[in-house]
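Note sheet for the following structure.
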Amino acid sequence: MRSSTHDASISTRLASLPAFPRLQGKRLHLRGPRAEDADGLFSLFSDPAVTRYWSRPPMTERGEAEGLIAEIDEGFEQREKLNWIVVGRDDDAAIGTCTLFHFDARHRYAEVGYALRSDLWGQGLAREAVALALDWGFRTLGLHRIEADIDPRNDASRGLLQRLGFVSEGVLRQRFFVGDVATDSEIFGLLADDWQHH
Ligand SMILES: CC(C)(COP(=O)(O)OP(=O)(O)OC[C@H]1O[C@@H](n2cnc3c(N)ncnc32)[C@H](O)[C@@H]1OP(=O)(O)O)[C@@H](O)C(=O)NCCC(=O)NCCS
């Protein structure tokens, strides 16, 4: 029998979070959402370059960004999703999102997702943001494994994951419909031990 000590601690740690933890990097911070993030989130998710391989089509109305903030709040209240807003360190304005979700307390894994404003790509900012979330997930929450699931054509996402030490673990054929097109899904995994030695 496996010990249940960790199961309890992951659920307990999630349940006992009073609010989104603020994670501080050199150039950016991760924090919980605010009503005034709607413009930044709309500009992020209405950009077809950002949503090209995303699970939802580009936003067309600001109200959708307000709806997203409500969903993020709800996901946090249920402790199902920690969908951080990525903000500039100095101006606190939304430039992206980074999410830990699909928590499995029994097996101590979760999934990670991320998006960054396209005019800021290529400067290592996503690496900084995702590293903060991974570090928190492994060290503070006590996760054993973090997974990511990408469209195999998404070279930027693959490059980011590999740069962070994730290993490609296989392709699930035609797993998702993006519009009418059945697309493959490539699974990446990172273990706490990989992260420690990264
Ligand atoms: C994926 C995404 C977050 C990367 O953001 P970014 O800030 O440009 O990434 P970084 O600059 O931190 O790059 C980190 C590493 O990824 C790799 N990388 C980034 N862009 C790449 C590209 N276009 N092609 C190949 N590798 C790339 C590089 O290896 C880079 O490491 P390096 O800086 O040592 O060269 C960004 O492209 C994005 O928001 N895409 C749209 C949303 C999305 O598809 N999210 C993923 C859904 S699964």
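The values are calculated or read from the model by the stated rules, or taken from the named source; none is laboratory data. All of these numbers come straight from a predicted model, not from anything done at the bench. Quick reminder, even Gly has a Cβ in these numbers, built from the backbone with ideal geometry, and neighbours come from all protein chains shown. Only protein heavy atoms, including side chains, enter the accessible area calculation; ligands, DNA and RNA are left aside. Shrake-Rupley method; radii C 1.70, N 1.55, O 1.52, S 1.80 Å.
Points to keep in mind about this one:
- Which listed residue, of A115, A156, is at pLDDT 95 or above and either farther than 27 Å from L41 by Cβ or touching a Ser or Thr at 6+ places or on another chain (Cβ under 8 Å) (or both): A115
- One residue from P57, P48 being more than 14 Å from the chain's Cα centre (by Cα) and modelled with pLDDT under 95: P57
- Members of region 130-160 found to be assigned to a helix (DSSP H, G or I), crowded, with 17+ Cβ neighbours inside 10 Å and near the ligand (Cβ under 8 Å from one of its atoms), listed by number: V130, S157, R158, L160
- Against the criterion of being open to solvent by less than 30 Å² (accessible area, probe 1.4 Å), touching a Leu at 6+ places or on another chain (Cβ under 8 Å) and in contact (Cβ under 8 Å) with a residue 40 or more places away in the chain, V112 does not qualify.
- Filtered residues of region 174-198 (kept if open to solvent by less than 80 Å² (accessible area, probe 1.4 Å), at pLDDT below 95 and outside any loop (DSSP other than H, G, I, E, B)): V178, A182, T183
- Those residues of region 74-94 which are in contact (Cβ under 8 Å) with a residue 24 or more places away in the chain, under 15 Å from the mean Cα position of the chain (by Cα) and surrounded by fewer than 21 Cβ atoms within 10 Å (Cβ to Cβ), in sequence order: G75, F76, R79
- Residue count for region 52-84, restricted to those that are touching a helix residue (DSSP H, G or I) at 6+ places or on another chain (Cβ under 6 Å) and not aliphatic (A, V, I, L, M): 6
- Of all positions in region 66-73, none carries a residue that is at pLDDT 95 or above, within 12 Å of the ligand (Cβ to nearest atom) and more than 15 Å from the chain's Cα centre (by Cα).
- In the condition set (1) touching a residue at least 24 places away in the same chain (Cβ under 8 Å); (2) within 16 Å of the chain's Cα centre (by Cα); (3) within 16 Å of the ligand (Cβ to nearest atom); (4) open to solvent by 20 Å² or more (accessible area, probe 1.4 Å), L120 is compliant with all but (2).
- Check on V171, assigned to a strand (DSSP E or B) and either surrounded by fewer than 17 Cβ atoms within 10 Å (Cβ to Cβ) or within 12 Å of the ligand (Cβ to nearest atom) (or both): yes
- Of the residues R27, R31, R22, the single one that is buried (at least 18 other Cβ atoms within 10 Å of the Cβ) and in contact with a Lys or Arg (Cβ under 9 Å, 6 or more places away or on another chain) is R31.
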